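The values are calculated or read from the model by the stated rules, or taken from the named source; none is laboratory data. Keep in mind it's a predicted model, so treat the numbers as computed, not measured. Glycine also receives a Cβ, built like all others from the backbone with ideal geometry; neighbour counts cover every protein chain displayed. These accessible areas exclude ligands, DNA and RNA; they are computed on the full protein's heavy atoms, side chains included. Shrake-Rupley method; radii C 1.70, N 1.55, O 1.52, S 1.80 Å.
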Amino acid sequence: MPKQLVVDGRAAGLGNKKTIRAGDLDQDDLKAGTEVTVWQKQVNDDQLLYHGYGPDRRSAASGFVYMDLVASGNGTATAGDDIRGDVVLAVTDSEGDRVLASVTFESLEELRDSANDERTERVIEAAMSAEGDLAGPGRNLEVRIEADDTSDGYEIDPDASTGKLYYGKVQR
């Protein structure tokens, strides 16, 4: 059974903050009720990586995020249609086929609404780990989208989508 990713105050601010932009996501077809990996980063031998960045306290947070994913027009959607579902953050094995830890981070609807908020009022993506373990060499950080029934068959258009998520990178 995979571990749960949880907010980890010990990792907050550790290493360097890296950005995952909507344009970095893959142009993949989504399937309702299925997690589809749309971004993956392999952990190198001299690194530790983790999802999010900074603390979860709004007064000290630095991981303010939003994400507005829209469809390309290929598949079952019209270009520009909003994609609905959940963002799942995961750590997988070296081949990316076994989930070692994950969490359903936030809904795409909430992250879309966050785009209209002042930066410091947006959703916070705080530093997360799996029971204190950061992702070590040979692992992968992944962002997955689990579409809801209304977005089944939609293809993500990374170029027309906006937003960002974060991850931390520690050099060893």
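Here is a yes/no grid of residues against (1) surrounded by fewer than 14 Cβ atoms within 10 Å (Cβ to Cβ); (2) assigned to a strand (DSSP E or B); (3) modelled with pLDDT under 95:
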site: TYR53; (1), (2), (3): no, no, no
site: GLY80; (1), (2), (3): yes, no, no
site: GLU95; (1), (2), (3): yes, no, yes
site: VAL103; (1), (2), (3): no, yes, no
Taking the stated definitions as given, is GLU110 surrounded by fewer than 22 Cβ atoms within 10 Å (Cβ to Cβ), in contact with a strand residue (DSSP E or B) (Cβ under 9 Å, 6 or more places away or on another chain) and closer than 30 Å to THR78 by Cβ?
yes
What tally of residues in segment 16-48 results from selecting those that are small (Gly, Ala, Ser) and open to solvent by 40 Å² or more (accessible area, probe 1.4 Å)?
2
Looking at segment 136-153, is at least one residue touching a Gly at 6+ places or on another chain (Cβ under 8 Å), modelled with pLDDT of 95 or more and hydroxyl-bearing (Ser, Thr, Tyr)?
yes
With more than 20 Å from LYS18 (Cα to Cα), open to solvent by less than 50 Å² (accessible area, probe 1.4 Å) and in contact (Cβ under 8 Å) with a residue 40 or more places away in the chain as the only criterion, which of ALA147, ALA130 stands out?
ALA147
Taking segment 56-78 and keeping only residues that are open to solvent by 30 Å² or more (accessible area, probe 1.4 Å) and either part of a loop (DSSP other than H, G, I, E, B) or basic (Lys, Arg) (or both), one is left with ASP56, ARG57, ARG58, SER59, ALA60, SER62, THR76, THR78
